[in-house]
């Protein structure tokens, strides 16, 4: 019995759904990320991009947050329909694409945006992945924030993504 | 008299010697006069075709006019070899109209271009590689 309890605790502690979170920042944004996930920063065509993956990554999961100031005209337009249309069309370059309809959302801290869930085949690894791509407009319409959760075997609750959407805000802390 | 004769002989000798010495003063080189500049041979009026002889500028991608319809070569009048050549040309023309594979490729390319344009407007690109972990 004691072994079973220890095993259950280990499984819960090692999974991506662990409750232990830490605060992360990207430019002027702050949000919560699982403490066990490791961060990698890189420049994606002049955009500050941060990617997190769990140390034990059996699901091939990743979470990417990008802040794009290049899309200011779209961000300032304030048109949800335009954002949804662009997000849907942007997925068209993915191979073997299966997409669900785009939906709109508003984050806990007032970021309006759009969300789409897709399945595609990676030309790099030749394997299928599922992804939830969320685009948020920063309050004030200065930039767009992309949050992408990608995995071969995704967490059905996408708890990491939901945690970011609940916590993402402007400013430190 | 004798003295006068001697003087005359000496005088003549002096004159002959002076002429033989050939003291010639240098002459400046003669410069040929510059030829007169001829006027440019242009006509006073621009060249224009005579009325009725004007040529029409042919549009480059239009076929040449064959003239009256009776000048056209009819397919029925061709020999077997000529008909075979015409048939090959028609077959090539048909293939240029497009195959299903070509239309599929065009549709895919078009979708990719639209996707890239949308990604550009959203300030993101390379969606096929972002966050893909092996």
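Of the residues making up the range A:16-47, those that are surrounded by fewer than 16 Cβ atoms within 10 Å (Cβ to Cβ), over 15 Å from the mean Cα position of the chain (by Cα) and within 11 Å of chain B (Cβ to nearest Cβ) are A:42, A:45, A:46. Among the candidates A:118, A:135, the residue that is within 12 Å of another protein chain (Cβ to nearest Cβ) and under 21 Å from residue A:25 (Cα atoms) is uniquely A:135.
Scan the range A:94-115 residue by residue and report those that are crowded, with 17+ Cβ neighbours inside 10 Å and over 17 Å from residue A:163 (Cβ atoms). Result: A:94, A:99, A:102, A:112, A:114.
May I ask you to verify whether residue A:156 is assigned to a loop (DSSP other than H, G, I, E, B), within 14 Å of chain B (Cβ to nearest Cβ) and farther than 28 Å from residue A:78 by Cβ? Break it down stepwise before answering.
Numbers: assigned to a loop (DSSP other than H, G, I, E, B): yes; within 14 Å of chain B (Cβ to nearest Cβ): no; farther than 28 Å from residue A:78 by Cβ: yes.
Answer is no for this residue.
Within the range A:67-91, track down each residue that is under 13 Å from residue A:133 (Cα atoms) and either surrounded by 21 or more Cβ atoms within 10 Å (Cβ to Cβ) or in contact with a helix residue (DSSP H, G or I) (Cβ under 9 Å, 6 or more places away or on another chain) (or both).
Here is the first cut: in the range A:67-91, the residues under 13 Å from residue A:133 (Cα atoms) are A:83-84, A:86-91.
Within the range A:67-91, A:83, A:86, A:87, A:88, A:89, A:90, A:91 meet the criteria.
In the set (1) part of a loop (DSSP other than H, G, I, E, B); (2) surrounded by 14 or more Cβ atoms within 10 Å (Cβ to Cβ), the condition left unmet by residue A:120 is number (1).
Per this entry, residue B:67 is not counted among residues that are in contact with a helix residue (DSSP H, G or I) (Cβ under 9 Å, 6 or more places away or on another chain), away from every other protein chain (no Cβ under 14 Å) and either closer than 30 Å to residue A:91 by Cα or not in a helix (DSSP H, G or I) (or both).
Being under 27 Å from residue B:108 (Cα atoms), part of a helix (DSSP H, G or I) and within 13 Å of another protein chain (Cβ to nearest Cβ) is the requirement here; does residue A:89 meet it? Before you say what the answer is, go through the steps one by one.
Details: under 27 Å from residue B:108 (Cα atoms): yes; part of a helix (DSSP H, G or I): yes; within 13 Å of another protein chain (Cβ to nearest Cβ): yes.
Yes: the conditions hold for residue A:89.
Taken across the range B:112-123, residues that are exposed (fewer than 11 other Cβ atoms within 10 Å of the Cβ) and at pLDDT 70 or above do not occur at all. Taking the criterion of being under 42 Å from the mean Cα position of the chain (by Cα) and under 30 Å from residue A:68 (Cα atoms), the residues of the range B:67-125 that qualify are B:109, B:110, B:113.
Please tell me if residue A:141 is in contact with a helix residue (DSSP H, G or I) (Cβ under 9 Å, 6 or more places away or on another chain) and not in a strand (DSSP E or B). Break it down into steps so the answer makes sense when it comes.
Numbers: in contact with a helix residue (DSSP H, G or I) (Cβ under 9 Å, 6 or more places away or on another chain): yes; not in a strand (DSSP E or B): yes.
When the stated conditions are applied, residue A:141 passes them.
Filtering the range A:48-64 down to residues that are in contact (Cβ under 8 Å) with a residue 60 or more places away in the chain and surrounded by fewer than 22 Cβ atoms within 10 Å (Cβ to Cβ), which residue is nearest to the other protein chains (Cβ to nearest Cβ)? So that I can check it myself, show each step before the final result.
Taking the range A:48-64 as the starting set, the residues that turn out to be in contact (Cβ under 8 Å) with a residue 60 or more places away in the chain are A:52, A:58-64.
Retained after the next criterion (residues that are surrounded by fewer than 22 Cβ atoms within 10 Å (Cβ to Cβ)): A:52, A:58-60.
Details: A:52: 9, A:58: 11, A:59: 9, A:60: 5 Å.
Across the range A:48-64, the extreme among qualifying residues is A:60.
The values are calculated or read from the model by the stated rules, or taken from the named source; none is laboratory data. Computed from a prediction, not measured in an experiment: that's the story for all the values here. Note that each Cβ is placed from the backbone with ideal geometry, even for glycine, and that neighbours are counted across all protein chains shown.
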